[in-house]
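See structure below.
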Amino acid sequence: MIEQQKQRIEMEITKQLDDLDRTVLRKMQADMHDCAANCCKDMNSSMDTVQQCVERCSVPAQRAQQHVESEINSFNSRLQRCVMDCDIAKYTAEFERCAIKCVDKHVGILPNMFESMRKVLQRRSS
């Protein structure tokens, strides 16, 4: 039963991440690569200047990735704390019911969490 709940939460996170990737992150990556390509086309700049230009191009995508990772880590910590609170249940059936409630609650949080991330990332990329 617990393994099914783990799979359920992983599938929902993957679904939400895929959507975030399609709607926001891929454009940021494409913009990063376009920017870096333009840096490389500058034949008048030194090698160091071009390298610094390329590095600047990657900053928004790196920050976006860090933001997503931070949010997911925070989400996972909250879910783990919820399940750890279930440990006080003495019987396996009680523990499972409690853990399922935690998963239900946290699966319900995911759409709003990802929508908030999407808004933050879109503001940053504008």
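Shape analysis of the chain based on the Cα gyration tensor places the equivalent ellipsoid semi-axes at 42, 13, 11 Å, largest first. Per residue, the convex hull spanned by the Cα atoms of the stretch 71-116 amounts to 48 cubic angstrom. For Lys105, a cut-off of 19 angstrom between C-alpha atoms picks up these lysines, skipping any fewer than 8 places away in its own chain: Lys6, Lys15. Given R₀ = 30 Å, what would the calculated FRET efficiency be for Thr92 paired with Lys15, taking r from the Cβ atoms and rounding to 0.05? Computed FRET efficiency for Thr92 and Lys15 comes out at 0.50.
For the chain, a Gaussian network of Cα nodes joined below 10 Å ranks Val24, Val83, Val50 by mean-square fluctuation, and the top entry is Val50. Per residue, the accessible area of the stretch 1-101 comes to 73 Å² when a 1.4 Å probe rolls over the protein heavy atoms.
For a paramagnetic label modelled on Lys6 (point 7 Å from Cα along Cα→Cβ), amide N atoms under 16 Å away belong, within the stretch 91-111, to 96, 99-100, 103. Taking 7 Å steps out from each Cα toward its Cβ at Arg78 and Asn44 produces label points 5.1 nm apart. Quick one: helix 2-20 against the long Cα principal axis of the chain, what's the angle to the nearest 10°, folded into 0 to 90? Once rounded, the angle reads 30 degrees.
In debye, nearest 20: dipole of the stretch 1-124 around its Cα centre with unit charges on the Cβ of K, R (+) and D, E (-)? Provide the component values of the computation, followed by the final result.
Numbers: 19 positive and 19 negative charges, 72 e Å.
With only Lys, Arg, Asp and Glu charged at Cβ, the dipole is about 340 debye.
Each listed q (0.19 Å⁻¹) maps to a log10 I(q)/I(0) for the stretch 43-94 from the Debye sum over equal C-alpha point scatterers, namely -0.75. When the solvent-accessible area of the chain is split by element, carbon and sulfur atoms take up 51 percent of it, the probe being 1.4 Å.
The values are calculated or read from the model by the stated rules, or taken from the named source; none is laboratory data. All values derive from a computational prediction rather than experimental measurement. Reconstructed Cβ throughout: ideal geometry from the backbone, glycine too, with neighbour counts over all protein chains shown. These accessible areas exclude ligands, DNA and RNA; they are computed on the full protein's heavy atoms, side chains included. Shrake-Rupley method; radii C 1.70, N 1.55, O 1.52, S 1.80 Å.
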